[in-house]
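The values are calculated or read from the model by the stated rules, or taken from the named source; none is laboratory data. Being a predicted model, the structure only gives us computed values, none of them experimental. FYI the Cβ positions are ideal-geometry reconstructions off the backbone, even for glycines, and counts take in every protein chain you see. Remember, those area values only see protein heavy atoms, side chains included, never the ligands or the DNA or RNA. Shrake-Rupley method; radii C 1.70, N 1.55, O 1.52, S 1.80 Å.
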Amino acid sequence: MAHISAGVATSHVPLIGVGIDQGKQEEPYFKPIFAGYEWTKAWIKKPENKPDVVILVFNDHASAFGQDLIPTFAIGCGEEFQPADEGWGPRPVPVVKNHPDFAWHIAQSLIIDEFDMTIINEMPVDHGLTVPLSAMFGEPDAWPALVVPIMVNVVTYPIPSGDRCFRLGQAIARAVESFPEELNVQIWGTGGMSHQLQGPRAGLINAEWDQKFLDDLTGDPDRLRQVQHIEYLRETGSEGIELVMWLVMLGALTNPKELHRHYHVPASNTALGHIVLENRS
Amino acid sequence: MGKDLQNYKDAFEDIPGTRVFTTERARQGYWLNQFCMTLMKPENRERWLADEKAYLAESKMSDEQQEALLARDYNRLLDLGGNIYYLAKVFSTDGLSFVQAVSTMTGMNVDDYKAMMDAGGRSPDGVRSIKEGN
């Protein structure tokens with residue numbers, strides 16, 4: 001049977017991609033950003049940890065989805081997804097390969113479980129999906145894991161609540177458990193942590209709030225489920241709202257144990273956060 | 001949900017220096033944002049950079065939005081329904097990074113903005129709520 005072995009969360013700052021694509025990892029600005037991923041890169045290579053499939057919860061940044069079509073929750077079921085051209089040309093990273101049978105299984109299970117997913121067969125994938133892959137896997141010729149993309153609208157309000165995201169994660173876990181193939185599955189939550197990219201308040205960072213959020217992923221998940229949009233907006237900046245995607249990951253885990261944490265300010269306009277959680281189901 | 005929805009949205013307007021992308025803003029900014037999406041193709045970026053006004057003539061966005069776009073006045077564009085992830089296509093086409101573009105909305109020059117970020121970013125203290133002044 002398929003099983004979820006771990007949850008991984010990370011910010012998806014475009015600058016991380018720039019740092020990798022332009023070979024700047026050793027520069028003083030970038031060094032502390034990348035240092036915190038070294039543990040994870042070594043961990044994820046070990047045969048017992050290496051995922052066959054990553055369920056990657058991410059948001060599109062007006063790349064695949066403009067205002068013409070705004071799904072709240074969507075799942076990629078197509079064979080593969082190409083890197084998007086976000087205005088500066090596509091990132092030079094491998095094509096993202098799906099496990100379509102598994103993705104379709106999850107899609108069906110979620111819909112029967114009353115999560116009305118939009119199905120995506122064609123989708124360019126932007127930094128929201130490719131930067132986390134680069135951060136964890138570096139620069140391989142092909143990504144070492146298959147990827148099932150789960151897209152969450154965090155751009156146009158109202159976006160889904162944190163609790164709804166958590167419950168989607170629980171439903172994803174039920175879907176995974178009922179897939180007959182033997183698969184080591186990881187679920188990744190991406191985006192965050194505190195950042196605001198717009199208006200006179202841009203540049204807002206709230207390290208204290210972020211660290212408490214990281215603590216409570218294992219310490220008090222019930223508190224995190226109840227955090228309202230307005231609190232994310234006031235405390236973590238308008239783009240800090242992306243943290244609801246970490247709750248999809250959290251909902252899919254049982255009694256998670258923290259294995260590794262990385263927090264660094266700044267990465268561009270953003271507080272970079274990264275955590276690895278063992279699933280103890 | 002009627003009254004709750006209004007309360008939900010009213011709270012957004014209480015955050016200083018912030019434009020939450022509500023459905024009202026999304027509707028107002030529709031053609032502006034859809035224009036930005038066209039810049040994801042290199043041939044469109046070339047046409048735009050070669051003659052911005054001519055390229056804008058094909059868009060249904062308002063005159064105000066066109067003026068703000070030509071002036072790269074990002075705060076004004078937010079006020080007119082623009083969303084930062086759409087507008088990113090414009091400043092990326094200009095060759096600006098997120099830090100360079102975002103700093104223009106803060107009233108700080110880019111070096112001061114970078115120095116603020118390097119020192120830990122903008123504190124939330126005092127910019128959580130207009131009403132509460134905290």
| Among the residues of the stretch B:111-118, is any within 9 Å of chain A (Cβ to nearest Cβ), assigned to a loop (DSSP other than H, G, I, E, B), free of Cβ contacts under 8 Å to residues at least 24 places away in the same chain and open to solvent by 10 Å² or more (accessible area, probe 1.4 Å)? | no
| field | helices (runs of 4 or more DSSP H) completely within the stretch B:1-102 that count 1 or more residues being under 22 Å from A:ASN269 (Cβ atoms) | value | B:2-12, B:23-28, B:30-38, B:63-70, B:74-79, B:84-93
| message | Take the conditions at pLDDT 95 or above and either assigned to a helix (DSSP H, G or I) or among the acidic types (Asp, Glu) (or both) and apply them to A:HIS61. Does it pass? | response | no
| request: Quick one: count up the residues across the stretch A:64-83 that are in a loop (DSSP other than H, G, I, E, B), touching a helix residue (DSSP H, G or I) at 6+ places or on another chain (Cβ under 8 Å) and either buried (at least 20 other Cβ atoms within 10 Å of the Cβ) or more than 14 Å from every other protein chain (Cβ to nearest Cβ) (or both). | output: 4
| What are the pairs, 6+ residues apart or on separate chains, where a residue within the stretch A:251-272 that is closer than 23 Å to A:ILE55 by Cα has its Cβ under 9 Å from a residue that is of a type in the set (Lys, Arg) and in a loop (DSSP other than H, G, I, E, B)? | A:LEU253/A:ARG280; A:THR254/A:ARG280; A:ASN255/A:ARG280; A:PRO256/A:ARG280; A:LYS257/A:ARG280
| task | Determine whether the stretch B:28-40 contains at least one residue that is under 18 Å from A:GLN198 (Cα atoms), within 9 Å of another protein chain (Cβ to nearest Cβ) and in contact with a Phe, Trp or Tyr (Cβ under 7 Å, 6 or more places away or on another chain). | result | yes
| field | Test for B:SER92: is it open to solvent by less than 20 Å² (accessible area, probe 1.4 Å) and touching a helix residue (DSSP H, G or I) at 6+ places or on another chain (Cβ under 6 Å) | value | no
| query | Just a yes or no: is a residue in the stretch A:220-229 among the aliphatic types (A, V, I, L, M), under 23 Å from A:MET136 (Cβ atoms) and touching a helix residue (DSSP H, G or I) at 6+ places or on another chain (Cβ under 8 Å)? | reply | yes
| note | When (1) closer than 25 Å to B:LYS114 by Cβ; (2) touching a Lys or Arg at 6+ places or on another chain (Cβ under 6 Å) are applied to B:TYR55, the one that fails is (1)
| field | The lone exception for B:ASP51 - which of (1) without any contact (Cβ under 8 Å) to a residue 12 or more places away in the chain; (2) on the phi > 0 side of the Ramachandran plot; (3) not basic (Lys, Arg) it fails | value | (2)
| task | Please find, among B:LEU39, B:LEU49, B:LEU56, the residue that is closer than 16 Å to B:VAL90 by Cβ and surrounded by fewer than 16 Cβ atoms within 10 Å (Cβ to Cβ). | result | B:LEU49
| remark: B:ASN75 passes all but one of the listed conditions (1) closer than 22 Å to A:PRO200 by Cα; (2) open to solvent by less than 10 Å² (accessible area, probe 1.4 Å); the exception is number (2)
| message | I'd like to know if the stretch A:92-113 contains one or more residues that are touching a strand residue (DSSP E or B) at 6+ places or on another chain (Cβ under 9 Å), of a type in the set (Gly, Ala, Ser) and without any contact (Cβ under 8 Å) to a residue 60 or more places away in the chain. | response | yes
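Looking at the stretch A:169-281, what strands (runs of 3 or more DSSP E) fall wholly within it and have at least 1 residues that are of a type in the set (S, T, N, Q), more than 14 Å from every other protein chain (Cβ to nearest Cβ) and farther than 20 Å from B:VAL127 by Cα?
Per the criteria, A:183-190.
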| remark: The correct count of residues that are more than 17 Å from A:SER11 (Cα to Cα) and buried (at least 24 other Cβ atoms within 10 Å of the Cβ) in the stretch A:203-232 is 0
| In the stretch A:1-42, what residues are in contact with a His (Cβ under 7 Å, 6 or more places away or on another chain) and not hydroxyl-bearing (Ser, Thr, Tyr)? | A:ALA9, A:HIS12, A:PRO14, A:GLY17, A:PRO32, A:ILE33, A:GLY36, A:TRP39
| field | Lone unmet requirement of (1) closer than 22 Å to B:ILE130 by Cβ; (2) buried (at least 18 other Cβ atoms within 10 Å of the Cβ) for B:LEU32 | value | (1)
| said: If B:SER129 satisfies all but one of (1) open to solvent by 60 Å² or more (accessible area, probe 1.4 Å); (2) within 12 Å of chain A (Cβ to nearest Cβ), what's the number of the condition it fails? | reply: (1)
| said: Here is a check on your reading of the model: is A:LYS50 modelled with pLDDT of 95 or more, touching an Asp or Glu at 6+ places or on another chain (Cβ under 7 Å) and open to solvent by 60 Å² or more (accessible area, probe 1.4 Å)? | reply: no
